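Colleague: Please find one structure pasted underneath; my questions will follow.
The values are calculated or read from the model by the stated rules, or taken from the named source; none is laboratory data. The model shown is predicted, which means the values in this text are computed figures rather than measured ones. Methodologically, a virtual Cβ is constructed for each residue, glycine included, from the backbone with ideal geometry; neighbour enumeration extends over all protein chains shown. Ligands, DNA and RNA are stripped out before the accessible areas are found, and what is left, the full protein with its side chains, is counted by its heavy atoms. Shrake-Rupley method; radii C 1.70, N 1.55, O 1.52, S 1.80 Å.
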Amino acid sequence: MSKIGLIVAMGKEFNQIKQLLANPQQTESNGFIFLQGNLGKNEIIALQCGIGKVCAALGAAELIRCFQPDYIINSGVAGALDSRLNVMDVVIGTDTVYHDVDCGSGCQPGQIQDFPLLYPGCLNLISRLKNIKVPRGIHFGLICSGDKFVSSAADLHQIKQYFPEALAVDMESCPIAQTCHIYRIPFVSLRIISDTPGITAHENQYNNFWDQAPETSFAVIRQLLESL
C-alpha cells in the first residue's frame, strides 16, 4: 500500500478527484483543505493548492509535512508549446523547469541559484504512465512553469527560445517539483492540453475545454493510481 499525495490547482479539478475516492474524509491545516480517501489499495491525500507558484509550493510543503506521502502527483491543465500537440492530449513531465526565472550570471535561464535547472520526474511513475490508455495522444517531455497565463505567440516564442524541446506550459508543476526535490519525495506531473497559445480566440479555446472533457486527466490518474 502506498500513500500518494495528489495536488491540483483549481476547484473544477478537485471536484473530479472527489469522485475517485472511497470513504473520503476532509481535514484542514494552515488554511489548506485535504481530502483523504482510498483508491484500490492506496491511500490518497488530495489537495487543491490554488493557482500559481507560491500556492503550489506552500501546498506541497504542507501536504508533505502533515502526511509524509510516498509519492506526489500533480495533475491539471496546460497550454501546448509544441505544434504536434492538440487539445485533449496528455503530457507527462519527464522534467520540469521555470520559464520566468533569471538569477543572473552564474545561473542558466530558468535556474534558481543553488538548485538544479531541471527537476526530473519519478522514473517509476513515468514507466507506469507509458502503459496507460488515453482517448487522444500522450507525450513525454519537458513542462515549463511560471506565474503567467501564456496566451500570445510572442510569449510562446520567448519560452521556446530558451527551451526549444518544451512541450507544455503551466503555473504549478515546477514549484511542486522543487518542493519535492527539497523533501526528497518522488514526483511526477501530468497535464491535459487545454489550449494552444498564439492562435486566434485562444481564451475561448481554454474556456470551451472545461465543457468538453476535463475528466480525461482524471481517467489517466485513475489508471496510474490503480497500477501502483
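Colleague: Leaving out ligands, DNA and RNA, and with a 1.4 Å probe, what % of the accessible surface on the chain is carbon or sulfur?
Modeller: Answer for the chain: carbon and sulfur cover 49 percent of the accessible area.
Colleague: Something else about it: Between V54 and R136, 0.36 nm times their residue separation minus their Cα-Cα distance comes to what?
Modeller: Full-extension gain reported as 26.4 nm.
Colleague: Determine the distance separating the Cα centre of the stretch 107-184 from the Cα centre of the stretch 24-51; give it in Å without decimals.
Modeller: Between the Cα centres of the stretch 107-184 and the stretch 24-51 lies a distance of 24 Å.
Colleague: Rounded to the nearest 0.05, what FRET efficiency do N86 and N124 have when you use their Cβ-Cβ distance and R0 = 22 Å?
Modeller: The pair N86/N124 has a calculated efficiency of 0.20.
Colleague: Moving on. So, R0 is 25 Å and r is the distance between the beta-carbons of K18 and H181; what FRET efficiency does that work out to, to 0.05?
Modeller: Working: r = 29 Å, r/R0 = 1.16.
After rounding, the FRET efficiency stands at 0.30.
Colleague: Using the heavy atoms of the protein chains and a 1.4 angstrom probe, tell me the accessible area per residue for the chain in square angstrom.
Modeller: 44 Å²
Colleague: Restricting things to alpha carbons, find the Rg to Rh ratio for the chain using the Kirkwood radius for Rh.
Modeller: Taking Rg over the Kirkwood Rh, I get 0.94.
Colleague: Whole percent per 10 Å bin, from 0 to the bin with the longest distance: what is P(r) over all C-alpha pairs of the stretch 31-127?
Modeller: Reading upward from the zero bin: 12, 34, 39, 14, 1.
Colleague: Tell me, in nm to one decimal, what length is gained between I112 and R65 on full extension, where the rule is 0.36 nm per residue of separation less the Cα-Cα distance?
Modeller: Working: separation 47, 0.36 × 47 = 16.92 nm, distance 2.31 nm.
Additional length available on full extension: 14.6 nm.
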